[in-house]
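K.L.:
Handing you this structure, nothing more for now.
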Amino acid sequence: MAELKFTNGSTLQLGVMYGIGQNYAKHAREMGSLLPRGEKIMFIKPTACYVPDGGSIVLPDYSEEVHHEVELVVVMGKEAKDVSKEDAWDYIAGFGIGIDATLRDLQRKAKEKGLPWAIAKGFHTSGPISNIVPIEEITRNKNDFEFELKINGESRQKGNSMDMLYSVEELIEFLSHIFTLQPGDVIFTGTPEGVGKLNQGDKLVAELFGFTKLNIDVV
Ligand code: MG
């Protein structure tokens, strides 16, 4: 079973990985769709697609277009069912930075046919996540996380969680109304603009500024 590592040395068994689609307006536009207010896209990535810091994304032989999506990742610390956004912060164990690797060509086909995104979002190694910063160490403004993805030393995506269409608290309210969130479950909170193709040999460094970094290579 996969275990999430925290920066203070503690661990938590990884549970369900929830993903949120199009949570940044500029990324939604680059995908050619902006949902009406109130509508959300969500999907689930299998636990086994998790990759820890220092691991690799393995490009599958059935896709020509594997995209990077750098995202703020929330780790749940308590069981959460019907939790209001006002209380949501109390259910969080910590934050990290992750890559929601996506098979864009297969996702495009799935969208055209109205089919699920399971393969596009859940293939082997599609879920790298950094070591997790415990919630106790996050003392400043709650929703002000700045992050960046560099590939081979070049900046590719920059984001700030202040630009999310739905805040972390709103996402927990939304998800916990439908699913029972468990300790160790994670939420990929959506990617900012600048997604693009990964190539063999790429070196990815994702940074959650002031907190943690994720190093991943592409093979
Ligand atoms: Mg994503």
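The values are calculated or read from the model by the stated rules, or taken from the named source; none is laboratory data. Quick caveat, the model's predicted, so the values are computed rather than measured. We place every Cβ from the backbone using ideal geometry, glycine too, and count neighbours over all the protein chains shown.
K.L.:
Can you tell me how many residues in region 19-48 are touching a helix residue (DSSP H, G or I) at 6+ places or on another chain (Cβ under 7 Å) and within 9 Å of the ligand (Cβ to nearest atom)?
P.N.:
Result for region 19-48: 4.
K.L.:
Just to verify a result, which residue in region 61-71, among those that are under 20 Å from the mean Cα position of the chain (by Cα) and either over 22 Å from E148 (Cα atoms) or surrounded by fewer than 22 Cβ atoms within 10 Å (Cβ to Cβ) (or both), is farthest from the ligand (Cβ to nearest atom)?
P.N.:
E65
K.L.:
When you go through (1) on the phi > 0 side of the Ramachandran plot; (2) in contact with a helix residue (DSSP H, G or I) (Cβ under 7 Å, 6 or more places away or on another chain) one by one for E169, which number turns out not to apply?
P.N.:
Just one mismatch for E169, condition (1).
K.L.:
So P183 ticks every box in (1) within 22 Å of G15 (Cα to Cα); (2) surrounded by fewer than 17 Cβ atoms within 10 Å (Cβ to Cβ); (3) within 14 Å of the ligand (Cβ to nearest atom) but one. Which box is left unticked?
P.N.:
(3)
K.L.:
Any idea which residue in region 102-145 is nearest to the chain's Cα centre (by Cα), counting only those that are among the charged types (D, E, K, R) and more than 24 Å from W89 (Cβ to Cβ)?
P.N.:
K121
K.L.:
Looking at V74, is it in a strand (DSSP E or B) and surrounded by 15 or more Cβ atoms within 10 Å (Cβ to Cβ)?
P.N.:
Here the answer is yes, as V74 does meet what is asked.
K.L.:
State the number of residues belonging to region 58-77 that are hydrophobic (A, V, I, L, M, F, W, C) and within 15 Å of G122 (Cα to Cα).
P.N.:
The qualifying residues number 3.
K.L.:
Quick one: count up the residues across region 81-130 that are within 16 Å of the ligand (Cβ to nearest atom), of a type in the set (G, A, S), within 16 Å of V168 (Cβ to Cβ) and in a loop (DSSP other than H, G, I, E, B).
P.N.:
0
K.L.:
Here are some residues: S63, S84. Which one is under 25 Å from G201 (Cβ atoms), touching a helix residue (DSSP H, G or I) at 6+ places or on another chain (Cβ under 9 Å) and small (G, A, S)?
P.N.:
S63
K.L.:
Looking at region 1-23, can you tell me whether even one residue there is out of contact with any Gly (no Cβ under 9 Å at 6 or more places or on another chain), at pLDDT 95 or above and among the charged types (D, E, K, R)?
P.N.:
Yes, some residue in region 1-23 is out of contact with any Gly (no Cβ under 9 Å at 6 or more places or on another chain), at pLDDT 95 or above and among the charged types (D, E, K, R).
K.L.:
Just one of (1) away from the ligand (no atom under 16 Å from the Cβ); (2) surrounded by fewer than 17 Cβ atoms within 10 Å (Cβ to Cβ); (3) in contact (Cβ under 8 Å) with a residue 24 or more places away in the chain trips up D163, so point out which.
P.N.:
(1)
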